[in-house]
Amino acid sequence: MALSTQSAHDDRRPTILICNWSSTNPAWDLVEDLSGVPWQPEGVQTELVEGDSNIASLAESLAERLLSRDARAVLLIGHTRHEGAARLQLRAEIPHQNGIRISADGPGVVRSTGPAADILDAVAKAHVSIVASSEHEPDEGSELLYGLLNRIGESLETPPVALLRFPASMTEASIAQAVKSAVIVMTQNFTQAPRFGAGRA
């Protein structure tokens, strides 16, 4: 979705996917005005991924983008059932139905790989109230976080994945500030992709 004066083939900027995990109640739109151009910090491509009622399919799609290095990070955004501050969810549990695990495969708990302390600090400096939360809210957001982290596994270069939740009463301006602050922190150490064909004789 990110637009550029360069062709997609030549654009070497790293990409972060920003996923509105709710297909019916998205948290924020990257396109903030009538220009049709999505917000993106200097040197980084942002791409908005719309929610999908099929969470397993969405998790698989996001994981494929990360594992192929087509994208370098994922920020999931959605709503919380709690009022007050925004919440940075640090963990997700294997999905249950009526108290029974839906699947016996995978760990009981997975932990977000995003730079939590830096995200919290950056969002607070943007004057948005935020807290870290270890609560697994039983909804599509937690299911997506679990499915995505379980699919990418652990490696020497585990990509950053984070989930930000916002209360229904939070203003769009505050949500935008929180998302932008998190994106900048999550991508600040990214390098450009190698130039296509570099090193070939």
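The values are calculated or read from the model by the stated rules, or taken from the named source; none is laboratory data. In this text the structure is predicted, and so the values were computed from the model without any measurement. Reconstructed Cβ throughout: ideal geometry from the backbone, glycine too, with neighbour counts over all protein chains shown.
Quickly run through the range 110-127 and pick out the residues that are out of contact with any Pro (no Cβ under 8 Å at 6 or more places or on another chain) and either over 22 Å from Ala63 (Cα atoms) or hydroxyl-bearing (Ser, Thr, Tyr) (or both). Steps first, answer last, please.
Initially, the range 110-127 is screened for residues out of contact with any Pro (no Cβ under 8 Å at 6 or more places or on another chain), giving 110-112, 116-127.
Ser112, Ala117, Asp118, Leu120, Asp121, Ala122, Val123, Ala124, Lys125, Ala126, His127, listed by residue number.
Among residues belonging to the range 134-171 that are in contact with an Asp or Glu (Cβ under 8 Å, 6 or more places away or on another chain) and hydroxyl-bearing (Ser, Thr, Tyr), point out the one that is surrounded by the fewest Cβ atoms within 10 Å (Cβ to Cβ).
The extreme case among them is Ser169.
Does Arg65 satisfy the condition of being within 14 Å of Ile152 (Cα to Cα), in a helix (DSSP H, G or I) and not hydrophobic (A, V, I, L, M, F, W, C)? Before you say what the answer is, go through the steps one by one.
Values: within 14 Å of Ile152 (Cα to Cα): yes; in a helix (DSSP H, G or I): yes; not hydrophobic (A, V, I, L, M, F, W, C): yes.
Yes: the conditions hold for Arg65.
When the range 14-41 is examined, which residues are found to be closer than 27 Å to Asn54 by Cβ and aliphatic (A, V, I, L, M)? If you could, list the steps in order and put the result at the bottom.
Within the range 14-41, the first condition is being closer than 27 Å to Asn54 by Cβ, and the residues that meet it are 15-31, 38.
Selection gives Ile16, Leu17, Ile18, Ala27, Leu30, Val31.
Which of the residues belonging to the range 153-183 are in a helix (DSSP H, G or I), of a type outside the set (Ser, Thr, Tyr) and within 18 Å of Gln89 (Cα to Cα)?
At the first step, the residues of the range 153-183 found to be in a helix (DSSP H, G or I) are 172-183.
Still in the running and of a type outside the set (Ser, Thr, Tyr): 172-173, 175-180, 182-183.
Answer for the range 153-183, where residues must be in a helix (DSSP H, G or I), of a type outside the set (Ser, Thr, Tyr) and within 18 Å of Gln89 (Cα to Cα): Ile175, Ala176, Gln177, Ala178, Val179, Lys180, Ala182, Val183.
At pLDDT below 95, over 25 Å from Ala132 (Cα atoms) and among the aliphatic types (A, V, I, L, M): is that true of Val109 in this structure? Write out each step before concluding.
Values: at pLDDT below 95: yes; over 25 Å from Ala132 (Cα atoms): no; among the aliphatic types (A, V, I, L, M): yes.
No, not satisfied.
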